[in-house]
1. Over the stretch 5-181, what lengths in whole Å, largest first, do the semi-axes of the equivalent ellipsoid take, defined as the square roots of 5 times the eigenvalues of the alpha-carbon gyration tensor?
2. Helix 13-24 versus the longest principal axis of the chain: what is the Cα-based angle in degrees, 0 to 90, to the nearest 10?
3. How about the stretch 28-69: which trypsin sites (Lys or Arg not before Pro) there lie in a loop by DSSP and see at most 14 other Cβ atoms within 10 Å?
4. Lys and Arg at +1, Asp and Glu at -1: add these up for the other residues within a Cβ distance under 11 Å of Q13 and post the number.
5. Quick one: 3J(HN,Hα) in Hz for the stretch 94-99, Karplus 6.51/-1.76/1.60 with θ = phi - 60°, rounded, Gly and Pro as x.
6. Add +1 for every Lys or Arg and -1 for every Asp or Glu among the other residues with Cβ under 11 Å from the Cβ of G250, and state the total.
7. Taking all pairs of distinct Cα atoms, average 1/r, flip it, and tell me the Kirkwood hydrodynamic radius of the stretch 190-275 in Å to one decimal place.
8. Just to be sure I follow the definition: excluding the sites themselves, where is the longest run in the chain that has none of the GluC sites (Glu not before Pro) in a DSSP loop with at most 12 other Cβ atoms within 10 Å?
Amino acid sequence: MQIEKVMVVGAGQMGAGIAQVCAQAGYQVYLNDMKEDIVEKGLGVIAKNLERQVQKERISSDEKERILARFIKSIDLKDAKNADIVIEAAVENLKIKMQIFEELDQYAPAHAILATNTSSLPITEIAAATKRPEKVIGMHFMNPVPVMKLVEIIRGLATEGEVYEAVEAMTERLKKVPVEVNDFPGFVSNRVLMPMINEAVYTLYEGVATKEAIDEVMKLGMNHPMGPLTLADFIGLDTCLYIMETLHEGFGDDKYRPCPLLRKYVKAGWLGKKSGRGFYVYPSKDK
Ligand code: CAA
């Protein structure tokens, strides 16, 4: 199964990162979102990241231009007709993802793989929105995508072996490390990470320590590159809450109950770095 043309649905922080690594690996990339200004913003982030690599003399200016020339802007899911693989990185919401997959299934050629970057939702259920569940697979990248080596690859119940192998080979071409996991809520990454973040929020909620102290303990004591509350802000508190709710509902176990403080922040619109405020406040240039 030959993959050359990629469509990335969603030009936010994950989608733009995925699109960047695909273009850097030589794929032609349709970068899709609902509005042109969101696509432009995603391409702006990519251009900035590539320029940083030019400044560090890792790539030449010509190479940067060649990578940027591999992008095609898209605001119509019908562009999936040109793709060998579509990687969906839209908002973490099952209803929305199922709707997108239903549409992609109508437009993408019969051979095309439909992958989702979902961080916790069931691949089998997303696949059920299509008439090609054997071509649906989970391809879970980590944030920031250009830096993080891991891609969790998750088969749905019906995913063909050939599709798994094609996605594994593509992941290696992206210079990432594929790790196979089974289709359970949160897979491995978020089954382990999110309860840790949620517990950090509880320690703040219960007044065990300040946010700075909690982060410092995990950074200096466990050698984590970021403290859990800083990491939660970086991922997005809405995403963290949604993943905890998926674990809570998926396993029916109260050990996954989201901390009320996390809910409160999300209700207040304090979504972390992207909204300018989460557990910490971010100056507007860092938004
Ligand atoms: N995009 C592209 N490159 C970035 C970047 C971004 N957003 N942020 C940092 N980088 C690059 C920098 O350019 C730098 O590159 P070089 O070393 O090549 O010069 C490198 O990353 C290190 O950056 P910094 O020196 O500025 O900062 P740092 O050493 O503190 O590293 C970090 C930043 C890589 C983000 C590090 O703090 C880290 O690893 N944090 C934890 C990230 C993590 O846990 N991610 C997983 C989140 S969970 C997830 O994604 C799954 C989910 O479903 C929720």
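1. Working from the Cα gyration tensor, I get semi-axes of 26, 17, 14 Å.
2. That helix lies at roughly 40 degrees to the long axis.
3. K35, K56, R58
4. +3
5. 4, 4, 5, 5, 5, 5
6. After counting each charged neighbour, the total is -4.
7. Roughly 12.9 Å, rounded to one decimal.
8. 58-205
Rule-based calculations on the coordinates, nothing more; no lab input. Please read all numbers here as calculations on a predicted model, not as lab measurements. As a convention, Cβ positions derive from the backbone with ideal geometry for all residues, glycine included, and neighbour counts pool all protein chains shown.
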